[in-house]
Amino acid sequence: EVWQANASGRYMHKSDTWPGPLDPNFQGIGRCLTDADGVYRFLTVRPGVYPWKTHPHAWAPAHIHFSLFGVVAGIRLVTQMYFPDDPVLSIDPITSAIPNDQARQRMISRYDHDVTEPEWALGYRWDIVLHG
């Protein structure tokens, strides 16, 4: 499963009270399956940032949530993917709490020209490896 805020940083959920505008054409949720080689792909809008409301300058960077299921039923990982050029990523409390820089970098997607849709959408690659 995949879910995210819209381009204005708003989730289409009743508990989201951030005053950013809703997009009536964007649900913000979806599912995708991998192929036999484990490759997945989906198209979406780039999510916007939104305030954490913990202090005046607390912003959640643009991110996409993933709920992943492994080969064995019952094994589930919920995580987030970030974008490399996000200006508030360096002050994000979630990624800042990861003490290992290599582990933190694995949370950040990378621009990939080969998966970009010409004249339409930038492409990002974020590899996920589950064992078990």
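Data for the structure
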| quantity | calculated |
| --- | --- |
| Hz values of 3J(HN,Hα) by residue in segment 8-16 - Karplus curve (6.51, -1.76, 1.60), Gly and Pro given as x | 8, x, 10, 8, 8, 8, 4, 7, 7 |
| Vicinal HN-Hα couplings computed from phi for segment 46-53 (Karplus, 6.51 cos²θ - 1.76 cosθ + 1.60; Hz; Gly/Pro x) | 6, x, x, 7, 8, x, 7, 6 |
| Segment 54-132: proportion of alpha-carbon pairs further apart than 17 angstrom, % | 56 percent |
| Counted charge near Phe66, where neighbours are those whose Cβ lies closer than 11 Å (Asp, Glu -1; Lys, Arg +1) | +1 |
| FRET efficiency for Val78 and Asp114, using Cβ-Cβ distance with R0 set to 30 Å, rounded to 0.05 | 0.60 |
| Cut-off under 5 Å, modelled amide H: who pairs with Trp59 long-range | Trp52 |
| Distance (nanometres) between label positions extended 7 Å along Cα→Cβ at Ile94 and Met12 | 2.0 nm |
| Over the chain: helical MRE at 222 nm, DSSP H runs n ≥ 4 each giving -39500 (n - 2.57), nearest 500 | -1000 deg cm²/dmol |
| Pairwise centroid distance, computed over Cα atoms, of segment 1-76 with segment 89-120, Å | 15 Å |
| Theoretical gain in end-to-end length, Leu130 to Thr44 [0.36 nm per residue, Cα-Cα removed] | 28.6 nm |
| Rounded to whole Hz, the Karplus (6.51, -1.76, 1.60) HN-Hα couplings of segment 35-44, x for glycine and proline | 7, 4, 8, x, 7, 10, 7, 8, 10, 7 |
| For Leu68, residues with placed amide H under 5 Å, excluding near neighbours | Leu77, Val78, Thr79 |
| Label selected from (i) 44, 38, 33; (ii) 46, 34, 25; (iii) 66, 28, 26, the criterion being Cα extents along the principal axes in Å as computed here | (i) |
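Where a number appears in this text, it was derived from the coordinates with a stated rule and is not lab data. Predicted model, so just to flag it, every value in this text is computed and none were measured. Neighbour counts are summed over all protein chains in view; Cβ atoms, including those assigned to glycine, are modelled from backbone coordinates with ideal geometry.
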